[in-house]
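J.: Attaching a single structure in structure tokens format; questions to follow.
Read-outs throughout are calculated quantities, based only on the coordinates presented, and are distinct from any laboratory measurement. All of these numbers come straight from a predicted model, not from anything done at the bench. No Cβ is skipped: glycine too gets one built from the backbone with ideal geometry, and neighbour counts run over all protein chains shown.
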Amino acid sequence: MSKLLQLLQLSKGDGSLIKELTKIEKVQLIILDDWGMQPLDIQTKLYLLQILKIDIGKAQLYWQRNFQ
């Protein structure tokens with residue numbers, strides 16, 4: 001699991017999820033690399049959706065997936 005997803009899971013547990021998503025919202029470039037190499041559980045999919053929603057109109061998004 002990526003460090004970003006681990007951070008979001010931990011922040012949800014300690015109540016700082018909104019704070020972490022706000023930090024992500026402030027970046028100018030989001031790079032998602034090697035996603036989808038393993039199946040994503042429902043919570044991970046929801047985190048990813050939240051990140052993609054933040055991206056719209058606020059940051060550039062680069063999404064990379066390597067097929068094997």
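J.: Work through the residues other than Gly13 whose Cβ is under 14 Å from its Cβ and net out their charges, Lys, Arg +1 and Asp, Glu -1. Provide the component values of the computation, followed by the final result.
T.: On the way: positive: Lys12, Lys19; negative: Asp14, Glu20.
Around Gly13, the charge tally is 0.
J.: For Ile30, which sequence-distant residues (separation of 5 or more, or a different chain) have an amide H within less than 5 Å of its own amide H, given hydrogens modelled in the peptide plane?
T.: Answer set, sorted by chain and number: Gln60, Leu61, Tyr62.
J.: Fewest to most neighbouring Cβ within 10 Å: what's the order for Lys3, Lys19? All intermediate terms of the calculation are to be shown ahead of the outcome.
T.: Values: Lys3 7, Lys19 10.
Placing the least packed residue first, the sequence is Lys3, Lys19.
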